[in-house]
Each structure stands twice: as C-alpha cells, then as structure tokens.
Amino acid sequence: MELDLKGRSLLTWLDYSSEEIRYLLELSKKVKKEKKKIHQRFIGKTIALIFEKRSTRTRCAFETAIGEEGGHAVFLSTDDIQLGAKETVKDTACVLGRMFDAIEFRGFKQSVLYDLVNYSGVPVYNGLTDSYHPTQVLADVMTIEENFGHSTGKHLCFIGDGRNNVAYSLMVISAKLGINFTIITPPELKPDKDLFEKCGSLSQSNSAECLVTSDINAVKGADAVYTDVWVSMGEEAVKVEREKLLLPYQVNKNLMEKTGNKNCIFLHCLPAIREEEVSAEIIDGPNSRVWDEAENRKHTIKAIMLATLGLV
Ligand code: CP
Ligand code: NVA
C-alpha cells in the first residue's frame, strides 16, 4: 500500500485515517528490518527540535533517526531560544520555516502546534504536549504487533492517570485501529467526556470497545497492560495528592495476575518510577517489553519523517 503523506504534520492521530496509520506502522517495521543497511535518505534535510520539557527518548529518536541518514537536527531548548521569552510562536514559526524542512515541538499547549503549522509551512510533529503524545503510541502499537502479529482485536489496558497525554493518544490510536481499549483510573482522573465519546464511536465503527472504569479487575483478559508516571511533566504541584489517588492502581504482580493471561505483556512509555506506578518485578520481568518499545520510538519517528518529507 502506497500513500502520499508528503507535507503532512502529526499533531494527533485524530487527523489521520486508519489506513494512513496502518501505512506508517508497516513503514516503521520495514525501517526496523532494514536498520543495518546504509541509507542516506535525509541528506540535505534539517529539523528543528523545540523542547519546553525534558526528553531522553524523543529527542534521541529524532536526532539519531535523521542524523544517521545524512540529515541534521538542531536541538532548541526553550531555556535558550527566544520563543517563550521575547518572541511569539508565530515569529519563531516564520523563521524556522525558512531554515528547516520540519519542526518537532515538545511542550505544554497543543495550541502552539497549530501556530507552528500555520506559520512555518513545513511538517510539524508533536513530540508530546499536555494533551497528546502521538509518536509514542505508534511505537507502542508496533511493539504490540511484534509480539502478537497483529493489534486489531487485542485488548490493551491503560491503568493510571486516565487523562494524561499518553492515555489520550492510546485511546485515539486504539479506536482508529480497532484495538479494544480500557482505561482504569480513579473517578477523579477520568478522561475528557467529548474525547471519550468520539473514541467510543470510532471504536465501534472498527468493531472494538473503548471503556473507562475505576475497577482494577477490568484488566481481566488483557493482552497488554500499560502504565505511565502518576505525575506528568508540569504537574509537580499535585504530586502528593496524585500518589495517594493512584496507589491502588499500581501495576504489580497481583495486578498482572488479575489479567488471567500468562502472555500478557507490560508496556510503559518511560521514564518510569519503580515502586510507584510499577513494581521493579514487573518492569524488569520477563513480560516487560519496555526496551523494545523505546527502540521502536526511533523506527516509528524515522518512518513518520520519511513519509511526511516525501522520501519514500
Ligand atoms: N517516552 C518519552 O517520550 O520519553 P522522553 O520523555 O524521554 O522523550
Ligand atoms: N505523561 C508523561 C509522559 C512522559 C513521556 C508526561 O507527560 O510527563
């Protein structure tokens, strides 16, 4: 299947069709399979990497993916550049659009991405905002498919903060691909009603279910259990309250046993805090796939850049 994604930005998977996501997944697998081959597909290409928040995986995935194939990434921490201090997003976008072939943005507000798209004229990739983390979940689905051969019809359970960026992106991509998706979270952290309803009807049209519950027994039958930090970047002020709320939702041996599925895999976007959202026994245990997941960040990000820069 060949699809033309040249010039497209990636702000949320809501903007992509199921076929387009499937195409990017297959391209990611091809990129991974050919990782030992010498390619130089990004020669002459440059990307600006804007970071308002910290990053290990996302930054390294973008930098190594483009750099090893002859392209060049420029890391722009907002502690160092004019954006956010003296300069508007619009002016920054106009300038970067004249110098770079693409822009990655990690930060707080999703709305910044729209300004970058509107004023730069180049593809813009969401490297995580308070609302979504789309490049992450493409790698997550790829990891699920590497394990089970397919993801459609599988049951993915996210347990933890039900309204964070990773939970939201998992909900959207699952709905688009027909993955049964359950969020297990305390009532205080239930996802936004509109997004949940939108994903509910998308799931239905793809013969899958999208559920939200506070009952940890809902992990029964899960093929993959996923968690994320209890306190996302920028939410440090609610740490104590959040830890109290989420303690009963820790992923540990007892929780994994509740799946009743010995082959259930464990996923985490990382960074992880052992003995908070997940016990060391699980994240470092035989069913954990977190290192594959982290590696797949690079292959999926490379695939997204290849497709949207028109290099496939
Ligand atoms: N999973 C993820 O986005 O990791 P970083 O915050 O290290 O980029
Ligand atoms: N929800 C986490 C994800 C980190 C990759 C955060 O936003 O900090």
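Given the conditions (1) under 30 Å from residue 56 (Cα atoms); (2) surrounded by 13 or more Cβ atoms within 10 Å (Cβ to Cβ), and given that residue 237 satisfies all but one, which numbered condition is not satisfied?
(2)
Restricting attention to the range 249-260, which residues are part of a helix (DSSP H, G or I) and either loosely packed, with under 12 Cβ neighbours inside 10 Å or within 16 Å of ligand 1 (Cβ to nearest atom) (or both)?
Answer for the range 249-260, where residues must be part of a helix (DSSP H, G or I) and either loosely packed, with under 12 Cβ neighbours inside 10 Å or within 16 Å of ligand 1 (Cβ to nearest atom) (or both): 253, 254.
What number of residues within the range 152-173 are buried (at least 24 other Cβ atoms within 10 Å of the Cβ) and away from ligand 2 (no atom under 14 Å from the Cβ)?
Residues that pass the stated criteria total 4.
Conditions (1) of a type in the set (S, T, N, Q); (2) at pLDDT 95 or above; (3) within 14 Å of residue 160 (Cα to Cα); (4) within 16 Å of ligand 2 (Cβ to nearest atom), marked per residue:
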residue: 197; (1), (2), (3), (4): no, yes, no, no
residue: 218; (1), (2), (3), (4): no, yes, yes, no
residue: 230; (1), (2), (3), (4): no, yes, yes, yes
residue: 234; (1), (2), (3), (4): no, yes, no, yes
residue: 241; (1), (2), (3), (4): no, yes, yes, no
residue: 251; (1), (2), (3), (4): no, yes, yes, yes
residue: 254; (1), (2), (3), (4): yes, yes, no, no
residue: 259; (1), (2), (3), (4): yes, yes, no, no
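Return the residues of the range 54-87 that are among the basic types (Lys, Arg) and either within 12 Å of ligand 1 (Cβ to nearest atom) or buried (at least 19 other Cβ atoms within 10 Å of the Cβ) (or both); say none if nothing qualifies.
Going residue by residue through the range 54-87, those that are among the basic types (Lys, Arg) are 54, 57, 59, 86.
Hits for the range 54-87 are 54, 57, 59.
Against the definition (over 15 Å from residue 168 (Cβ atoms), surrounded by fewer than 21 Cβ atoms within 10 Å (Cβ to Cβ), free of Cβ contacts under 8 Å to residues at least 60 places away in the same chain and among the polar types (S, T, N, Q)), how does residue 263 come out, yes or no? Before you say what the answer is, go through the steps one by one.
Numbers: over 15 Å from residue 168 (Cβ atoms): yes; surrounded by fewer than 21 Cβ atoms within 10 Å (Cβ to Cβ): yes; free of Cβ contacts under 8 Å to residues at least 60 places away in the same chain: yes; among the polar types (S, T, N, Q): yes.
So residue 263 fits the description; yes.
Return the total of residues in the range 125-167 being touching a Pro at 6+ places or on another chain (Cβ under 8 Å) and within 12 Å of ligand 1 (Cβ to nearest atom).
1
When the range 195-234 is examined, which residues are found to be more than 30 Å from residue 286 (Cα to Cα) and open to solvent by 40 Å² or more (accessible area, probe 1.4 Å)? Steps first, answer last, please.
Quick first cut of the range 195-234, residues more than 30 Å from residue 286 (Cα to Cα) only: 195-207, 234.
Correct list: 196, 197, 198, 201, 202, 204, 205, 206, 207, 234.
Determine the pairs where a residue that is assigned to a helix (DSSP H, G or I), located within the range 8-35, has a partner that is polar (S, T, N, Q) with Cβ atoms under 6 Å apart, the partner being 6 or more residues away or on another chain.
Listed by first residue and then by second, the contacts come to 28/300.
Pull up the range 111-137, narrow it to residues that are within 14 Å of ligand 2 (Cβ to nearest atom) and in a helix (DSSP H, G or I), then point me to the one that is surrounded by the fewest Cβ atoms within 10 Å (Cβ to Cβ). Can you show your working first?
Filtering the range 111-137 down to residues within 14 Å of ligand 2 (Cβ to nearest atom) leaves 126-137.
Imposing the further condition that a residue be in a helix (DSSP H, G or I) reduces the set to 134-137.
Working: 134: 26, 135: 23, 136: 28, 137: 26.
Filtering the range 111-137 for residues that are within 14 Å of ligand 2 (Cβ to nearest atom) and in a helix (DSSP H, G or I), the one surrounded by the fewest Cβ atoms within 10 Å (Cβ to Cβ) comes out as 135.
The values are calculated or read from the model by the stated rules, or taken from the named source; none is laboratory data. None of these values were measured; they are calculated from a predicted model. In this analysis, Cβ positions are derived from the backbone assuming ideal geometry, glycine residues included, and neighbour counts consider all displayed protein chains. These area figures cover heavy atoms from the full protein model, side chains too; ligands, DNA and RNA do not enter into them. Shrake-Rupley method; radii C 1.70, N 1.55, O 1.52, S 1.80 Å.
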